[in-house]
Number of protein chains: 2
Amino acid sequence: MNPSLPLPLGFRAHVTNVGVKDTTDDFTVVAADAVCSAAGVFTRSSFAGPSVLVSRRHVADGRARAMVVVSKNANVATGPQGLADAEELAAGVAAALGCDASDVLVASTGVIGRAYPMDRIRAGLRAIPSPLPGTDAGAVARGIMTTDTVPKTASAAAGAARVVGVAKGVGMIEPDMATMIAMLFTDALVEAADLDAMFRRVVDRTFNCVSVDTDTSTSDTAVVLASGAAGQVDAAALEAALYDVCASLTRQIARDGEGATKLLEVAVDGAADARQAKHVAKAIVNSPLVKTAVHGADPNWGRVAMAVGKSTTADAVDQAKVVIRFGRQEVYPAAVDDAGLDALAAYMRGDEVRIHVSLGTGGTGAATVWGCDLSDGYVRINADYTT
Amino acid sequence: MNPSLPLPLGFRAHVTNVGVKDTTDDFTVVAADAVCSAAGVFTRSSFAGPSVLVSRRHVADGRARAMVVVSKNANVATGPQGLADAEELAAGVAAALGCDASDVLVASTGVIGRAYPMDRIRAGLRAIPSPLPGTDAGAVARGIMTTDTVPKTASAAAGAARVVGVAKGVGMIEPDMATMIAMLFTDALVEAADLDAMFRRVVDRTFNCVSVDTDTSTSDTAVVLASGAAGQVDAAALEAALYDVCASLTRQIARDGEGATKLLEVAVDGAADARQAKHVAKAIVNSPLVKTAVHGADPNWGRVAMAVGKSTTADAVDQAKVVIRFGRQEVYPAAVDDAGLDALAAYMRGDEVRIHVSLGTGGTGAATVWGCDLSDGYVRINADYTT
């Protein structure tokens, strides 16, 4: 086996099926050779699942050895039994690796409100091979999928070190503190506190800027483990590599949104500050009327104006100073002639649409966010999905 | 002509086609016999149209004589010319009625970003008959429709007086201060300040509690005119009648939401305060995952838990104390047996679904909001709608 995207030095993986729901891979363990620096960002949902509670506790000291992901069952809203099951999962992985349970992080994704089939999970825990057999990041990405149509991986270099990331998620996506499930691995040597700070900055500009459907998951988890096997590298280079990987995964998530046929990128500048820019950009990317217009390849800038309007007051934004562009074509306030409309319609039929709004407040606040169009496919997927 | 729902005493109407877009009625004037008490609530959008700007100014003194509504063109994002056109519209109606332009309110609904066909509007203004010929509230409701599938009217009594309301709106509906276009008329005699205060309280519990698609219109306008022709009535009875009319129109709007097949009512109680209750209720009624589950008649309470989770933090809401019901059936934390599931599925297939969440905070905050399911029809209507 010759993995096309190997994990960074110092990491090994085990991906298998234990029968959580069907016969596809549903049980994934990625472990460093030894306990190493780690950071995590999690959902702020009041219905956060036991996996989030356990991982938040276990990563609090900035150290971890491994992460285990169960897919096809979210283990959310499962009461005290669900919490006990998540703790048993961490302890079982720790026993197989010979480490402390508090050094194992847990994530889980799938249906809400059903208990794990613990007999099958326990059999899976007993069968974890030693050492872990794999190094293929692609297999890890496939192992954590639920309704994703494609596995999501990305990598970047930082000096002699590498950063490799995998993610899953197509619906219930508007991360608040983190997103869906994303795991990043690097062989860079970095202090836990530095890793945590740079990871939070990166997540805020990437995963926290994606929305498929405004719905925030109860299981949002993004973690990074740094084995240190490649030695110390320039901190700025490492943060840039983390950003590149997270930004790539973010765009992959948006593009694979449930029923999506297009990637939608919305950039807002000329805002009073970054917070206002992101607020307006999110209002545009989340507007079902903008999303359906993009789906219909309709350059309906009136709906963009509506979204700017609903997310700001006239005290803050003067509609006479706003400029709206689809791609590079200004559509408001300048009117588009017939030739321009034809070019615009052709642009809108592409598989990536960019909306650019300058608010003209005199400030320099800017933000870019990502989403997707809203299609009949989204409705069918979610109206027919069975609890 | 024997109108099934006549306007209250002291009001007359003129509904016609002037050719704004097609041959359906698009030009509606309702006038009191004399200047009378009036109140209005409008969108807070920074892209509010000239109609909103003009009406807000004209109703500021609590007095008005008439309202003119142009449908099929919103006159929004039309620059200085759009504002001049709205002022000319008010002045033209005033000239026909023999009153001051500042006593005429204006509303407009339809496509955004296109100038009025002023030659046709001017011809319509010149042709306003004197006196206004009609008294049929149903004709008024039909005259202001755009893509509504049914006209929306409601009435209630307050002592010897009547309250009659009409409304339009099926998409771009999550009112912030008011909603779409709603006009209420009463023959009660009431001071403008009292009318304004009671109307704002009523709007906050009705139109401000409906959302079809989270998108706030640039043209939201709700006004009430009180002719006084029926004399003074009990204030509480008048407010109750205003509430009954607005609540009925609100439910009609939700039920006629674009592509909607079901009315969705979400009630939240046990919240720390009314604000938290409304925030959580809105998160549920606006969740595309909840809306698609309702469309698919799927009692997917996990998505309701998700929406509660994303709109509250664990500090504020303890998931162990939350109770979720579909109709009267508890679905969380109590599990539903197979017979219960069958009954629940039958309930979900009805044309009205109620979700009830008790947050268990120890507080008594409560709110009820209305919306609709999300269907393929919504996507088709809005992906195919041409700018």
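Give the residue from B:GLY62, B:ASN75, B:ASN300 lying farthest towards the positive end of the charge dipole for chain B; charges sit on Cβ (+1 for Lys and Arg, -1 for Asp and Glu) and the dipole is referred to the Cα centre.
Among B:GLY62, B:ASN75, B:ASN300, the one farthest towards the positive end of the dipole of chain B is B:ASN75.
Tally up the carbon and sulfur contribution to the accessible surface of chain A as a whole percent, 1.4 Å probe, everything protein left in place.
Numbers: 6950 of 13560 Å².
Answer for chain A: carbon and sulfur cover 51 percent of the accessible area.
Scale the Cα Rg of the stretch B:180-307 by the rule-of-thumb value 2.2 N^0.38 Å and send over the ratio, two decimals. Walk me through the numbers on the way to the answer.
Numbers: Rg = 17.1 Å, N = 128, 2.2 N^0.38 = 13.9 Å.
Rounded to two decimals, the normalised Rg is 1.23.
Two decimals, Cα atoms only, Kirkwood Rh: what is Rg/Rh over the stretch B:263-383? The partial results should precede the final answer.
Working: Rg = 14.1 Å, Rh = 14.4 Å.
With Rg and the Kirkwood Rh in hand, the quotient comes to 0.98.
Taking the solvent-accessible surface of protein heavy atoms with a 1.4 Å probe, what is the per residue accessible area of the protein assembly as shown in Å²? Walk me through the numbers before you get to the answer.
Details: 27130 Å² over 774 residues.
Result: 35 Å² per residue.
Suppose each label sits 7 Å from its Cα in the direction of the beta carbon; what would the A:ARG328-A:MET118 distance come out to in nanometres?
For the pair A:ARG328/A:MET118, the computed spacing is 6.2 nm.
With 26 Å as the limit, write out which pairs from A:LYS282/A:LYS321; A:LYS152/B:LYS321; A:LYS72/B:LYS282 have Cα-Cα distances beyond it, or answer none.
Values: A:LYS282/A:LYS321 20 Å; A:LYS152/B:LYS321 37 Å; A:LYS72/B:LYS282 29 Å.
Exceeds cut-off: A:LYS152/B:LYS321; A:LYS72/B:LYS282.
With the dipole of chain B worked out from charges on the C-beta (+1 for Lys and Arg, -1 for Asp and Glu) around the Cα centre, which of B:TYR378, B:ALA320, B:GLY49 lies farthest toward the positive end?
Farthest towards the positive end: B:GLY49.
For chain B, what is the per residue volume of the convex hull drawn over the alpha-carbon atoms, in cubic angstrom? Intermediate values should be presented prior to the final figure.
On the way: hull volume 53.9 nm³, N = 387.
Residue-normalised Cα hull volume stands at 139 Å³.
Build a GNM of chain A with springs between Cα atoms under 10 Å: which of A:VAL353, A:VAL54, A:VAL336 gets the top mean-square fluctuation?
Checking each option, the largest mean-square fluctuation is seen for A:VAL336.
Go through B:SER130, B:ALA90, B:ALA107 and say which Cα lies farthest out towards the positive end of the charge dipole of the stretch B:48-141; charges sit on Cβ, +1 for Lys and Arg, -1 for Asp and Glu.
Positive-most Cα among the choices belongs to B:ALA107.
Can you give the % of DSSP beta bridges in chain B that are antiparallel, to the nearest 5?
Counting DSSP beta bridges with both partners in chain B, the antiparallel share is about 65 percent.
Compute the distance in nm between two label points, each set 7 Å from the Cα along the Cα-to-Cβ direction, one at A:ALA316 and one at B:ALA335.
4.6 nm
Once the label point is set 7 Å along the Cα-to-beta-carbon vector, what list of distances in nm do you get between A:GLY98 and its counterparts in the other copies?
10.3
Which whole-angstrom value gives the distance between the alpha carbon centres of the stretch A:1-57 and the stretch B:56-135?
63 Å
Could you state how much accessible area is buried at the B-A interface, both sides summed, with a 1.4 Å probe, in Å² to the nearest 100?
4200 Å²
What are the distances, in nm and sorted shortest first, from the label point of B:ALA115 to the label points of the same position in each other copy, with each label point placed 7 Å from Cα along the Cα-to-Cβ direction?
List, nearest first: 7.1 nm.
Find the eigenvalues of the gyration tensor of the Cα atoms of the stretch B:34-127, then list the square roots of 5 times those eigenvalues as equivalent ellipsoid semi-axes, largest first, in whole angstrom.
Values: eigenvalues 80, 59, 18 Å².
Each semi-axis is the square root of five times an eigenvalue, giving 20, 17, 9 Å.
Hey, for B:GLU191 with labels 7 Å out along Cα-Cβ, what do the inter-copy distances come to in nm, ordered shortest first?
Copy-to-copy label distances at B:GLU191, shortest first: 6.9 nm.
How big is the Cα convex hull of the protein assembly as shown in projection, averaged over all directions, in nm²? Please report the intermediate quantities before stating the final value.
Working: hull surface 134.0 nm².
Dividing the Cα hull surface by four gives the mean projection, 33.5 nm².
Quick one: if the Förster radius is 35 Å, what FRET efficiency do A:GLN81 and A:ALA235 give, using the C-beta to C-beta distance and rounding to 0.05?
Numbers: r = 43 Å, r/R0 = 1.23.
So, using R0 = 35 Å, E works out to roughly 0.20.
Given the -39500 (n - 2.57) contribution per DSSP H run of 4+ residues, what per-residue ellipticity at 222 nm results for chain B, rounded to the nearest 500 deg cm²/dmol?
On the way: 11 runs with 132 residues, N = 387.
The helix-only estimate for chain B comes to -10500 deg cm²/dmol at 222 nm.
With just the Cα atoms defining each centre, how far is the stretch B:309-387 from the stretch A:286-319? Give it in Å.
28 Å
What dipole magnitude, in Debye to the nearest 20, does chain B give about its Cα centre under +1 on Lys/Arg Cβ and -1 on Asp/Glu Cβ?
Charge dipole, chain B, about its Cα centre: 320 debye, nearest 20.
What is the stretch A:263-383's relative contact order, in percent, from Cα pairs under 8 angstrom and six or more apart in sequence? Intermediate values should be presented prior to the final figure.
On the way: 216 pairs, mean separation 60.4, N = 121.
Result for the stretch A:263-383 is 50 percent.
Output the relative contact order of chain B, whole-number percent, from Cα pairs under 8 angstrom with separation of 6+ residues.
Values: 971 pairs, mean separation 66.8, N = 387.
Relative contact order here is 17 percent.
Hey, which residue of B has the C-beta nearest the axis mapping B onto A, and what's the distance in Å?
B:ASP376, 2
Applying 1/(1 + (r/R0)^6) with R0 = 35 Å to the Cβ-Cβ distance of A:ALA345 and A:ARG275, what FRET efficiency is obtained, to the nearest 0.05? Could you put the intermediate results ahead of the total?
Working: r = 34 Å, r/R0 = 0.98.
With R0 = 35 Å, the Cβ-Cβ based efficiency is 0.55.
Antiparallel as a % of all DSSP beta bridges within the stretch A:263-383, to the nearest 5? Write out the running numbers ahead of the final one.
On the way: 14 of 21 bridges.
That works out to approximately 65 percent antiparallel.
Looking at the protein assembly as shown, what % of its DSSP beta bridges pair antiparallel, to the nearest 5?
Working: 98 of 146 bridges.
The antiparallel proportion sits near 65 percent.
The values are calculated or read from the model by the stated rules, or taken from the named source; none is laboratory data. As the structure is a computational prediction, the values presented were derived from the model and not from experiment. We place every Cβ from the backbone using ideal geometry, glycine too, and count neighbours over all the protein chains shown. Please note that ligands, DNA and RNA were not included when accessible areas were found on the heavy atoms of the full protein model with its side chains. Shrake-Rupley method; radii C 1.70, N 1.55, O 1.52, S 1.80 Å.
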